[in-house]
Amino acid sequence: MPAPTPLISTIAATFWSGLAEGIIRAQHCPECDSWIHYPRAFCPGCGARELQWRDVAGAGTLHSFAVANVATSPDFSDQVPQVLAIVELDCGIRLATTIVDASADRLAVGATVDAVFDDATFEGLSVLRFRLRD
């Protein structure tokens with residue numbers, strides 16, 4: 001059974017189109033100099049509505065993680081164990097994601113990670129995942 005396709009809102013379309021190009025795009029508020037993720041119509045810090053999209057590097061740090069030995073949904077039963085994670089990019093935003101190609105004994109809060117653009121899980125859609133840096 002194919003995994004359920006994420007719903008892409010109008011506000012988040014720029015984020016998703018960037019992933020399709022192998023680029024991570026995040027919103028930035030020039031008023032209060034804040035990075036924003038998940039995509040929104042206004043800055044949650046100062047309320048400014050003139051947000052900018054900027055390309056950001058895919059390097060970051062593993063902020064938190066859990067190893068799911070039971071599928072989080074029947075749609076992902078072929079992907080266990082899953083490493084569910086919060087990754088903090090070097091620009092400061094935190095993303096909910098998964099870590100790929102890592103054995104549980106290598107996982108540690110504070111480990112450095114790099115972006116991986118997964119084009120295989122969803123037809124016609126790239127998903128942002130991360131891999132531990134060697």
For this session: Please go through region 38-67 and pick out each residue that is of a type outside the set (Gly, Ala, Ser) and either in contact with a Phe, Trp or Tyr (Cβ under 7 Å, 6 or more places away or on another chain) or within 20 Å of residue 83 (Cβ to Cβ) (or both).
Result: 39, 49, 61, 62, 63, 65, 67
For this session: Of the conditions (1) in contact with a strand residue (DSSP E or B) (Cβ under 6 Å, 6 or more places away or on another chain); (2) modelled with pLDDT of 95 or more, residue 47 clears all except one; give me its number.
Result: (1)
Seminar exercise, completed: Per the list (1) under 16 Å from the mean Cα position of the chain (by Cα); (2) modelled with pLDDT under 95; (3) open to solvent by 40 Å² or more (accessible area, probe 1.4 Å), residue check on residue 79 breaks on (1)
Problem set entry | One residue from 117, 122 being loosely packed, with under 15 Cβ neighbours inside 10 Å, within 20 Å of residue 14 (Cβ to Cβ) and of a type in the set (Phe, Trp, Tyr) | 122
Problem set entry | Selection count, region 83-108, where residues are free of Cβ contacts under 8 Å to residues at least 40 places away in the same chain, surrounded by fewer than 19 Cβ atoms within 10 Å (Cβ to Cβ) and touching a Phe, Trp or Tyr at 6+ places or on another chain (Cβ under 8 Å) | 3
For this session: Scan region 1-41 residue by residue and report those that are among the small types (Gly, Ala, Ser), surrounded by 13 or more Cβ atoms within 10 Å (Cβ to Cβ) and closer than 21 Å to residue 115 by Cα.
Result: 3, 12, 17, 18, 26
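The values are calculated or read from the model by the stated rules, or taken from the named source; none is laboratory data. What you are looking at is a predicted structure, and each value in this text was computed from that prediction instead of being measured. Using ideal geometry, Cβ is built from the backbone for each residue, glycine included, and neighbour counts are taken over all protein chains shown. Side chains are part of the model used for accessible areas, which takes the heavy atoms of the whole protein and leaves out ligands, DNA and RNA. Shrake-Rupley method; radii C 1.70, N 1.55, O 1.52, S 1.80 Å.
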